[in-house]
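Asks: One structure, as structure tokens, below. Some questions next.
The values are calculated or read from the model by the stated rules, or taken from the named source; none is laboratory data. For clarity, every value in this text was computed on a predicted model and none was experimentally measured. Neighbour counts are summed over all protein chains in view; Cβ atoms, including those assigned to glycine, are modelled from backbone coordinates with ideal geometry. These accessible areas exclude ligands, DNA and RNA; they are computed on the full protein's heavy atoms, side chains included. Shrake-Rupley method; radii C 1.70, N 1.55, O 1.52, S 1.80 Å.
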Amino acid sequence: MTKKEKLKSMLQMVSNRNKINASGNNLRQRMLERLKAAQFRYLNEKLYTTSGSEAQKLFQSDPEAFHTYHQGYQQQLKKWPINPLELIIKRISKMPKNYMIADMGCGEAALGRRVAQSVRSFDLVATNPSVEVCDIARTPLLQESMDVAVYCLALMGTDLTQFLLEANRVLKMGGHLLIAEVESRFDKVESFADDVQRLGFKLVNLDKSHTVFFFLEFKKIREPPAKKSKVPMLTLKPCLYKRR
């Protein structure tokens, strides 16, 4: 075998090894992605079928689970033509700069970094120092201290009525309630809006023009009903993601 042939053979062996390594790495990566996707779907189901306090206990016992969930959540958002948070930001940018905003179920608190107004960010786990840890059905906010309450894909679990009663409590009279939620969760979005209005709000905008999600804006016009029998029980279907 000539030197040229030996060199060619050695280069071919290296090339083959690299292909094997690359193939192994790709297989490992695919397996990890499938595992993460399965963990995300499990956590997603848990969040839609438990109360806020139960979900908080879950993430307190396993903080890594919250990180896993939000990784999967961000992957899902990338598949959408628009992130609903962008619509929330666009709406808030038209509001007075001195408004106080409560971002309920804030995730990574992106809203607080994107708008000029002062934002209090709440979620079950603090992904950064700007997030205040709490069950959003019971926040530390003072009564009638906020101008805007935001629920961007945050109406999860079995406490939906309590979430929006809390929004009524913390909002000033005339304050704004902004909701962006996946359209597949509604049997009829108009019926949901009617129930929200019974909690002391008035619907001022129902935007159904976007694929995947609806955007609703309400204003607080009164206190919620004093009698529990007059308080509607809000429900939405779970948002179930397909296997990836």
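Asks: From 145, 229, grab the single residue that is of a type in the set (Ser, Thr, Tyr), at pLDDT 95 or above, surrounded by fewer than 17 Cβ atoms within 10 Å (Cβ to Cβ) and out of contact with any Phe, Trp or Tyr (no Cβ under 9 Å at 6 or more places or on another chain).
Replies: Just a single option satisfies the conditions, and that option is 145.
Asks: For segment 41-81, which residues satisfy the criterion of being of a type in the set (Asp, Glu) and either closer than 26 Å to residue 161 by Cα or part of a helix (DSSP H, G or I) (or both)?
Replies: Matches in segment 41-81: 45, 54, 64.
Asks: Answer yes or no as to whether residue 90 is more than 22 Å from residue 50 (Cβ to Cβ) and at pLDDT below 95.
Replies: Answer is no for this residue.
Asks: Kindly provide the set of residues from segment 65-113 that are of a type in the set (Asp, Glu) and touching a residue at least 24 places away in the same chain (Cβ under 8 Å), ordered by number.
Replies: Scanning segment 65-113 gives 103, 108.
Asks: Which of the following residues is more than 17 Å from the chain's Cα centre (by Cα), exposed (fewer than 15 other Cβ atoms within 10 Å of the Cβ) and of a type in the set (Val, Ile, Thr): 170, 189, 204, 196?
Replies: 204
Asks: When the residues of segment 196-223 are filtered to those that are of a type in the set (A, V, I, L, M, F, W, C) and in contact (Cβ under 8 Å) with a residue 60 or more places away in the chain, which remaining residue is farthest from residue 146 (Cα to Cα)?
Replies: For segment 196-223, the residue satisfying everything is 212.
Asks: Then there is this: Quick test for you: out of 101, 136, pick the one residue that is within 14 Å of residue 169 (Cβ to Cβ), of a type outside the set (Asp, Glu) and surrounded by 17 or more Cβ atoms within 10 Å (Cβ to Cβ).
Replies: Step by step, each of 101, 136 is checked, and only 136 is within 14 Å of residue 169 (Cβ to Cβ), of a type outside the set (Asp, Glu) and surrounded by 17 or more Cβ atoms within 10 Å (Cβ to Cβ).
Asks: Looking only at segment 187-207, count every residue that is closer than 15 Å to residue 167 by Cβ and basic (Lys, Arg) and tell me the total.
Replies: 2
Asks: Then there's this: Would you check which residues across segment 153-162 are part of a helix (DSSP H, G or I) and open to solvent by 10 Å² or more (accessible area, probe 1.4 Å) and list them?
Replies: Once the filter is applied, which keeps residues that are part of a helix (DSSP H, G or I) and open to solvent by 10 Å² or more (accessible area, probe 1.4 Å), segment 153-162 yields 161, 162.
Asks: For segment 77-97, give me the residue count where each residue is of a type outside the set (Val, Ile, Thr) and either surrounded by 17 or more Cβ atoms within 10 Å (Cβ to Cβ) or within 19 Å of residue 177 (Cβ to Cβ) (or both).
Replies: The qualifying residues number 11.
Asks: While we're on this one: Being in a helix (DSSP H, G or I) and either in contact (Cβ under 8 Å) with a residue 60 or more places away in the chain or aromatic (Phe, Trp, Tyr) (or both) narrows it down to one residue among 193, 167, 180, 137; which is it?
Replies: Of the residues listed, the single one that is in a helix (DSSP H, G or I) and either in contact (Cβ under 8 Å) with a residue 60 or more places away in the chain or aromatic (Phe, Trp, Tyr) (or both) is 167.
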